[in-house]
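So the structure is just underneath, and the comments pick up after that.
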C-alpha cells in the first residue's frame, strides 16, 4: 500500500512539474526538494535551514560574499571604517526597490530600512537568534537617506562579514517596532533580492519568481519552487523521475544510487553540521554531568554510524564539525564503554529499581526523547531506536516520540517540554557556538534550549567575543571544545557526508557551503538539455 | 605521481596464496592493510613480525614489505609537499602581525621552514628578526644551529654546530643532520658517540624537530631498521614549538621536515627490503619494477631506465604494468636526452592512443612524475574524456543525452583512472577548478573521504585544490580522515585551521535542522 502511495505521489509531482515547465518562460523552473516546510520565511524570526535558503533568494545584506570568499558590495555600494574599527559608515545604493506588495508600487530602499531592521532585531519583544550575534553593535544612525552609520561597542574580528545580515523593509511588518512569528510579514515577506515570493500553494510548496527589476541584474531562472518531502527516499525518487531538479542535501544512503546515474551531478558542500542528542538540564535527573557522560559512553556511535549511515561521516568529540577551524584535534571521541556508563550512573546515585530501571530519590530514570517527524527517515529511526536500546542496557528508560516539525519546535524551543532531543545544528564557518551554550541564551525561542549554564563556558565565550587576536580565539575555542566534551550538555554524535544533487541541465551551479543559494542568480537551465 | 597499484594487486594475490606457514598471519594481515592503504600500520605489522616468518617465506615478506614502504614513501612525499605550502601560508599570516603581541616564535619557525625548502637566504633573514630574548634555551639552541648552518652556506663545521646546540636534543639532532647533508659523515660519527644521542633519549626528550632530524641521521647512516623502530614508537603528531603568551594564547608550531624524513626513510627502507629479495627468484621482476618506480619518483632516470631495460620486453609483466612502464620509459628517455621535449613525446603518444584510455592515463601519470604540464597532450586527453563522458550511459546503460541504450559501454573504471591522472596533471598548472571537476568525477561519493575507497594521493590532490579555492572545510574533512591512519599530518591540519580562522568571512550563523 505504501509503495502505491509513494508511486502516486511521485507521479503526481512529475505531472505537475511537466505541466509547469510547459507554461514557463525561457528561464525555466527549478524545482528543488526540501526536507520540510519553513515555519517562517523572514530572515529574523526563522531559525531553520529551509527558511534560510529561501531568504537568501528573497533578501540582501549590506554586503555579500563572493564565490572567492571575498566581501563584496550588495545593498551598500561602499563603506568606510574608522581607524579604531568602531564606526562603520555604509553608503547605500540608490537604485534598489523593494518587491511590490500586492496592488502597490514598489517602494525604494533607504537608510530608514537599515535602521529599522537593526531596531527590530534588538527589540526585546522580537524573538530571534540574531540578537546575541549583534550585541556588539551599540547604535545605528541614519546620516541621510542613503547613508547609515553603525557604532560598535568594541572592534571585533571579521566585523565586515557580520553586515551580511538581511535587511527587511520598514513598511513590511504589521507591527512597526518588533517582529513576531505571527506577523503576516513572517509568512509573506518582501525583500530586495533576485526572487520574490509568488505563493505558498496548497501542497505547501514555496514558489518564488524572478524579480524583473533586481538591482544586480535579472536572474536567469524564472522560478524556484521549494517542494517539501517528509521522506527522503521519496525525494530521491522524485529526482530520478524528473519531478524535481535538485536535492539540497542527499541522504548518505542514496549516494551510491545517484552516483551511478549520469544524469545528475553530485556536488559536495560542507555545511559544518553535526547530529546530537541534546539534554534538558532543567530535569534534575539530567542535571548531573555524570549522567550525560554515561549516556555518551553507553552508545556505540561508531557502530551506529557504520550500520545506519554506511559509515558515511565522522564521529565527533565536541561542539564543532571536523571541517571547522575550531575543532580541537586533541579531544578524541569517548569510546563505547557500557561498564563505564554503569559506573558513572552508580556514582551519580542511581540504583536499579525492582523493574530494572534505575532510580534516584524515588524518581525513575525514564526520559522522553523528542524527534521531529521530518527526520523520520529510516536512518534516523534506527538511530533513536538504537539509543533507546543502548540506554536500556544501562538501566535508563527512553520513550521516543516523533512530532511534526512545527510542533516539535514549539515543544523544544518554545515550551522546553522534553528530556532529550535528537537534532542537528548547521553552522556557517565562523563556528560561533555562543547562542547554543551561553547562559544568556536560555529562554523561549533561544538556541540554548536545554538550559545549559556554566560560568566557565560563559567566560570563555565572552572572552572569544572580546579578543581581536585570531590565535587567541583559536586557543579559547580549543578549550571550549574540551570543556563541553567533558560537560556533555549534548551527546555529540557525528557529521554526515554532505552532497547536493542536481540534474545536469542546471548549469553554472555554485553552492555556498552554508547559505546554499547566494550565487543562484547566475544559474541557468540549459534549453537543449531541458528537452531530454 | 602514481602508485604501483598493479603490484599491490599482485602482492595481495601472492599473500592470499601463501598458505599456513609460520608467521603467515602477519603477511596476510599486512597485505590486507596495504590493500586498505593503511601503509603505516601495514609495515609495522610485518616488520615487527619478520622474525616469526619461516625462511621459505622471507622473500615474500621482503617483497611485500618493500612494496608497502614504497607506497608509504610516495604518500609521505605528497604529505610533505602539501605541508610546505600550508605551513608557509599559516606562518605568513602570523608574520603579518606587527603588534606588540605578535608571535615570538613565528620568525624562527619561518626560518626552519625556509631551510627545509632549501632557501638559506630567506632563513637568514628570518633568523635576524627572531628575537627570543634568551628566554628559552631550547629555542636559542635551535636558532643558533640554524644560523650556523645557513651563514656557512649549508657547509658548517660539525664541531661548531655541536657546540651551538649545547645539550639540547632537538638542536643536536639538527646539527648531526646538517653535518651528514654536507658530507661530514666521519665527523658526525665521532660526535654522535660523544654527544650521547640515542634513540631512547630522542624518544624521551626530543620534539618533532629532533625526531625528524634524528630519523634522517639514522637513514643517512643506513641504520634503516633502527630508524623504523624509532618511528614506530614516536609521537608523530607532535609539535616542535609551543608558544604561550601572558594573555593565554597558545600557538603550536610543527615542522614539515618530519614528513620529509619519513618519506626518505620509507624510500630507503623500501630499497633495503627489495635488495633482500632473491634476484633470481620468483619475485625478481616485481622487485625490479618497484625499484624502477622508486627511482622514477625520485627523478633518478638513469637508474630507472636501466632497471626497466632489464625487464621490458624480456620478462613477463601484467599488460597494464608493461604499458605503464613503457610509457614512462619513453618520457624518461626524452627527459635525459639533451634538448629532449617530453611534452612533444607525450603528445605524439597521445595521438596513437585511440580508445586506449589506460594509455592516456599512463601518459598523464608519467607527465606528472617528470613534472611536465604536457599541455598539448592534456588538451587531447581532456577532449577524449569529455567525448566519452557524453557517450556514457546512465546506470542502466542508456545515454544521458540521447536516451540511446545501444551505445557501446565504456569502461567506467578506466574513465575514473583517467580522470584521476588528468586531475593530478592539471594540478601542475594550478588550474584548481578544473582539478576539482576531474577528481570529483572520480571520487567515490558514498565514501567521500575514505582512503580505503579512494586513492589517497587523489584525495590529497583534491584537498589541495579545495585549499587553494578557499574551501578549507573540505580540505580539513579529508585530512581528518587521513589523520586517523597518518597522525603526522597534524601539521597540515593545524596550519589550515589557522588560515581558515582568519580567512573565513561569516556572520556567526547557526541553524537547526
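Can you give the Rg to Rh ratio of the stretch B:228-362, both from alpha-carbon atoms, with Rh computed by the Kirkwood formula? Walk me through the numbers before you get to the answer.
Numbers: Rg = 21.2 Å, Rh = 18.2 Å.
Rg/Rh: 1.16.
According to the square roots a ≥ b ≥ c of the eigenvalues of the Cα gyration tensor, what is the shape class of the stretch A:455-532, taking rounded for a/c under 1.5, prolate for a/b larger than b/c otherwise, and oblate for the remainder?
Values: a/c = 5.18, a/b = 2.52, b/c = 2.06.
Taking the square roots of the gyration eigenvalues as a ≥ b ≥ c, the stretch A:455-532 is prolate.
Please provide three numbers in whole Å: the alpha-carbon extents of chain B along the principal axes, with the largest listed first.
77, 64, 54
Between the stretch B:259-282 and the stretch A:432-486, what's the alpha-carbon centroid distance in Å?
51 Å
How many angstrom lie between the Cα centre of the stretch A:175-211 and the Cα centre of the stretch A:120-173?
That distance is 21 Å.
Among rounded, prolate and oblate, which fits the stretch B:112-192 when a ≥ b ≥ c are the square roots of the eigenvalues of its C-alpha gyration tensor, a/c under 1.5 means rounded, and a/b larger than b/c means prolate?
Here the stretch B:112-192 falls in the oblate category.
Kindly express, to the nearest 10 degrees and within the range 0 to 90, the angle between helix B:357-369's C-alpha long axis and the longest C-alpha principal axis of chain B.
That helix lies at roughly 20 degrees to the long axis.
What is the antiparallel percent of DSSP beta bridges lying wholly in chain A, to the nearest 5?
75 percent
Based on the alpha carbons, how large is the Rg to Rh ratio for the stretch A:193-254 when Rh follows Kirkwood?
For the stretch A:193-254, the value is 1.06.
Sort A:508-515, A:147-154 by the packing proxy (mean of other Cβ within 10 Å over each peptide's residues), most packed first.
By packing density, highest mean first, the sequence is A:508-515, A:147-154.
Kindly provide the helix-only [θ] at 222 nm of chain A, computed as the sum of -39,500 (n - 2.57) over DSSP H runs of four or more divided by all residues, to the nearest 500 deg cm²/dmol?
On the way: 17 runs with 157 residues, N = 532.
That calculation yields -8500 deg cm²/dmol at 222 nm.
In nm, what is the difference between 0.36 nm times the number of residues separating residue A:287 and residue A:389 and their Cα-Cα distance?
34.5 nm
Peptides A:380-387, B:242-249: what's the order by average Cβ count within 10 Å, highest mean first?
Descending packing order for the listed peptides: A:380-387, B:242-249.
Over the stretch A:60-192, what relative contact order in percent results from Cα pairs under 8 Å that are six or more residues apart?
Across the stretch A:60-192, relative contact order equals 30 percent.
What FRET efficiency comes out for the pair residue B:371/residue B:119, r = Cβ-Cβ distance, R0 = 22 Å, nearest 0.05?
FRET efficiency, residue B:371 to residue B:119: 0.70.
Using Cα pairs under 8 angstrom and six or more residues apart, how large is the relative contact order of chain A, in percent?
19 percent
I want to verify the translational diffusion coefficient of chain A in µm²/s; compute it with Stokes-Einstein, Rh as the Kirkwood radius over Cα pairs, at 25 °C and 0.890 mPa s.
Rounded to a whole number, D works out at 100 µm²/s.
Return the Cα extents of the protein assembly as shown along principal axes one, two and three, sorted largest first, each rounded to a whole Å.
89, 73, 72
Cα atoms only: what Rg and Dmax, in Å, come out for the stretch A:273-496?
My reading of the Cα-based Rg and Dmax gives 16.9, 57 Å.
So what does the Cα-only Debye profile of the stretch B:173-293 read at q = 0.18, 0.23 Å⁻¹, as log10 I(q)/I(0), no solvent term?
Treating every Cα as an identical point scatterer, log10 I(q)/I(0) equals -0.95, -1.24.
Where does chain B land at 222 nm, in deg cm²/dmol rounded to the nearest 500, when only DSSP H runs of n ≥ 4 count, each adding -39500 (n - 2.57), divided by all residues?
Roughly -21500 deg cm²/dmol at 222 nm, from the helical runs in chain B.
Calculate, axis by axis, the spread of Cα positions in the stretch A:60-192 along the three principal axes, and write the results as whole Å, longest axis first.
For the stretch A:60-192, the Cα spread along each principal axis is 46, 33, 31 Å.
Taking Cα pairs under 8 Å and at least six residues apart, what relative contact order does chain B come out at, in percent?
Computed over chain B, the figure is 15 percent.
Here, each number is a calculation from the coordinates, and none is a lab measurement. These numbers were taken from a predicted model, which means no experiment stands behind them. Please note: Cβ atoms are built from the backbone with ideal geometry, for glycine as well, and neighbour counts cover all protein chains shown.
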